[in-house]
1. Go through the stretch 51-61 and count every residue that is under 11 Å from the mean Cα position of the chain (by Cα), in a helix (DSSP H, G or I) and farther than 15 Å from L75 by Cβ.
2. Please list, ordered by first then second residue, the pairs with beta carbon atoms under 6 Å, 6 or more apart or interchain, first in the stretch 58-79 and in contact (Cβ under 8 Å) with a residue 40 or more places away in the chain and more than 18 Å from L33 (Cα to Cα), second part of a loop (DSSP other than H, G, I, E, B) and within 14 Å of the ligand (Cβ to nearest atom).
3. Taking the stretch 33-80 as the search range and keeping residues that are on the phi > 0 side of the Ramachandran plot and surrounded by fewer than 20 Cβ atoms within 10 Å (Cβ to Cβ), which one is farthest from the ligand (Cβ to nearest atom)?
4. Return the residue satisfying two criteria in turn: it lies in the stretch 89-112 and is away from the ligand (no atom under 16 Å from the Cβ) and part of a strand (DSSP E or B), and of such residues it is farthest from G39 (Cα to Cα).
5. Hey, among the residues in the stretch 69-119 that are in contact with an Asp or Glu (Cβ under 6 Å, 6 or more places away or on another chain) and among the hydrophobic types (A, V, I, L, M, F, W, C), which one's modelled with the highest pLDDT?
Amino acid sequence: MKGKSAGGGAKPPPPQQAIFSRLSFLHQASSILPPSSIGLSRYYTSHLLSVSKKSVQRLSPAVKHTICKRCSSILLPGITSTTRVENKSRGGRKRWADVVVVTCGFCGGTKRFPTVNKEEMKEKKTKEKDTEGTEVLKDEEEGYKDADMTGA
Ligand SMILES: [Zn+2]
């Protein structure tokens, strides 16, 4: 027995949509917080990651790119992270070897993204597998296990 009194015709939104708006809210909330509120911001992002994991809802690359894998801080260019371009090909001659390196200002963790888009890459290397997004959420759990409950 639940005290719900929904008025007849209106269907509830599909669960996917509710999750999507929750993820979107969490990401926006963590993005607008100033660096001084990094604790709260991190809480939002780690919550965001766990919601996406539980709901098996993949985060869009644009969102994933703004979250530090190591400490789940939000990565805002010039504010909480630094961005530079690296090219490890000989003499930096290969334009497609340009990689954007984003360094987290809190833990020093780095993220790397190719600057050339995937369609262009596919033309050059058709057999390379797309491994993005398969193991992104693994190391986040370690943070929670740190609490030592051996007192009294
Ligand atoms: Zn970090």
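The values are calculated or read from the model by the stated rules, or taken from the named source; none is laboratory data. What you see is a predicted model, and the numbers here were worked out from it, not measured in a lab. Here Cβ is always computed from backbone atoms with ideal geometry, including for glycine, and neighbour counts include all displayed protein chains.
1. 1
2. R70/C107; R70/G109
3. V56
4. That would be D98.
5. V101
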